[in-house]
Amino acid sequence: METIIHKLCEYQNNRIFIKREDLLPFCFGGNKARKAELFFKEIDKGNYQSIVTYGSSSSNHCRVVANMAAAREIPCYIISPLESSKTTFNSILMKLFNVKIKVVPVKDVHDTIDETLKELKAQKLNPYFIAGGGHGDIGTRAYEECYSEIKAYEKREKNYFEYIFLASGTGTTQAGLVCGQLLNNDNRKIVGISIARKNPYGKSVVEESIHQYLRNNQSLISQKMIRQNTVFIDDYVNGGYGSHNNCVHELIKTVMYQYGIPMDETYVGKAFYGMLKYIEKENISGKNILFLHTGGTPLFFDNIKAVEKEALK
Ligand SMILES: *Cc1c(COP(=O)(O)O)cnc(C)c1O
């Protein structure tokens, strides 16, 4: 399902547009909804009686997968790290969808997944496993398709984006977009603003996802091309996952007031802030820029008290 692109604002003489993945029409949307749609196509085609995935209590991925499983009445098992298990709107929704959650210390997550898969097989409930965050070729393909939507928009509207910015976590979303760019031989810059990982590791994971996807699709794009087109900026991760400086709240407040668009502090608000800083730092001017709003609306409500405090200042 295609999501809309609309103009947001001008910034430093650039025209900023936004693609609203947050408005994908399933369970508050977001990039995890686009990825999950493809995973469930596989599930619907195959002979599966259970689903296993993992993520924290604030995981957008787990919320969407839980809803898609519930809609099909397929039992859904989520392995969740004890270290990040506080109640959030996403975890409340997971409960509503009746998932079976196994909370274990993060060091035991891997083994618990293996055990759960084994148990389900033994019970003749053939499990379908989805990696955390929808990482892997199927998730990458979802965002190669999203890239095609962007191209269709550009052709229709005669409006070409010289930059695309997005929040990058596991890097699958970015990998998909860059695959689209490489396969179309397009000259533009896709900039992933890291929300947690530092380089060189962060960039290398995105490159590996691109490499794997292209190899599995028999494409002969060189490692050098992949390296050159993977821009993974780790300047705005602050203290890592979930940590951000106070300017992010201020910005979230402004975007909500001015444009009526919710942004969460862990992903989208943090990346939007990073994008503006990057534009300043790199003296980018006179360009058409697209920001991919990757969702996370329930997280916006988790943080609304902090944003409200900012609004009262
Ligand atoms: C998971 C997530 C991301 C990061 O996507 P990756 O494909 O893991 O890089 C960005 N924004 C939101 C709202 C997310 O939930």
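The values are calculated or read from the model by the stated rules, or taken from the named source; none is laboratory data. Not measured: the values here are computed from a predicted model. In this analysis, Cβ positions are derived from the backbone assuming ideal geometry, glycine residues included, and neighbour counts consider all displayed protein chains. The area values use the complete protein model at the heavy-atom level, side chains included, leaving out ligands, DNA and RNA. Shrake-Rupley method; radii C 1.70, N 1.55, O 1.52, S 1.80 Å.
The figures follow:
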read-out: Whole-percent carbon and sulfur share, accessible surface of region 273-313, 1.4 Å; value: 53
read-out: 14 Å Cα-Cα reach of K189 towards aspartates and glutamates, excluding residues that sit fewer than 8 places from it in its own chain; value: E162, E282
read-out: Carbon/sulfur fraction of accessible area - region 58-196, other protein chains in place, 1.4 Å, %; value: 53
read-out: Pair-distance profile P(r), taking every C-alpha pair of the chain, with 10 angstrom steps and integer %; value: 6, 27, 36, 23, 8, 1, 0
read-out: Area accessible to solvent at E37, 1.4 Å probe radius, in Å²; value: 80
read-out: Non-local Lys pairs in region 90-150, i.e. 8 or more apart or on different chains, that have alpha carbons under 23 Å apart; value: 7
read-out: From the C-alpha gyration tensor of region 1-143, square roots of 5λ in Å; value: 30, 18, 13
read-out: Computed Rg/Rh of region 148-273, alpha carbon atoms with Kirkwood Rh; value: 1.01
read-out: Highest to lowest packing among 156-162, 299-305, 206-212, scored as the average C-beta count within 10 Å; value: 206-212, 299-305, 156-162
read-out: Cα-Cα P(r), region 84-186, percent of pairs per 10 Å interval; value: 12, 29, 29, 19, 11, 1
read-out: Long pairs among K253/K277; K7/K287; K32/K287; K7/K198; K198/K309; K270/K305, criterion Cα-Cα beyond 19 Å; value: K32/K287; K7/K198; K198/K309
read-out: Inter-part distance where region 262-313 and region 19-81 are each reduced to a Cα centre, Å; value: 25
read-out: Accessible area in square angstrom per residue, region 89-173, 1.4 angstrom probe; value: 51
read-out: Highest to lowest packing among 132-141, 265-274, scored as the average C-beta count within 10 Å; value: 265-274, 132-141
read-out: Positive dipole terminus of region 66-120, leading residue within P75, I101, T88 (C-beta point charges); value: T88
